[in-house]
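The values are calculated or read from the model by the stated rules, or taken from the named source; none is laboratory data. Everything numeric here is computed off the predicted structure, so don't read it as measured data. When we count neighbours, we look across all protein chains shown, and the Cβ atoms used for this are built from the backbone with ideal geometry, even at glycine. Surface accessibility is based on the protein's heavy atoms, side chains included, excluding ligands, DNA and RNA. Shrake-Rupley method; radii C 1.70, N 1.55, O 1.52, S 1.80 Å.
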Amino acid sequence: METVACCSPLTSEPLSSEAADRIAPLLKALADPVRLRLLSLVASHADGEACVCDLNDAFELSQPTISHHLKVLHEVGLLDRSKRGVWVYYAVRREALADLGALLGGVAVSTA
């Protein structure tokens, strides 16, 4: 099976210094498996947002550890957060995901 890059800016022209500076922290934050799963859980949750209380059961980690990972995702701009009473709700920032999607582009898989 052969993988062929399609429409990826990485293969069509070099990244500008500004784009690399903007996107590198996003990739660094997502390089952690827990944070990658958290982003996926929030993005796929009903209405595209999740309470921290909804995310704890998906991991064998303490609530403070989950909150730390969510804070990292928030600080790099991948998640927005809002406080409602004693709970904090997180939502994916679609603009940040669009930056990542534009960087990576589509990948077509050929069976040839």
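Mind listing the phi-derived Karplus ³J(HN,Hα) values for the stretch 65-72, rounded to whole Hz, using 6.51, -1.76 and 1.60 with θ = phi - 60°, and x for any glycine or proline?
Going residue by residue, I get 5, 4, 4, 4, 4, 5, 4, 4 Hz, with x marking Gly and Pro.
What length, rounded to one decimal in nm, is gained on full extension from Ala102 through to Cys53, with 0.36 nm per residue of separation minus their alpha-carbon distance?
Working it through step by step, the gained length comes to 14.4 nm.
Just the accessible area for Glu75, please: 1.4 Å probe, Å², rounded to the nearest 10?
In the full protein context, Glu75 sits at about 120 Å².
What does the charge add up to near Lys83, with Lys and Arg as +1, Asp and Glu as -1, over the other residues with Cβ less than 14 Å from its Cβ?
+1
Quote to one decimal, in nm, the extra length available between Ser16 and His68 on full extension: 0.36 nm per residue of separation minus the C-alpha distance between them.
Between Ser16 and His68, full extension yields 15.6 nm more.
In percent, what relative contact order does the stretch 16-112 have, based on Cα pairs under 8 Å that are 6 or more apart in sequence?
Over the stretch 16-112, the number comes to 29 percent.
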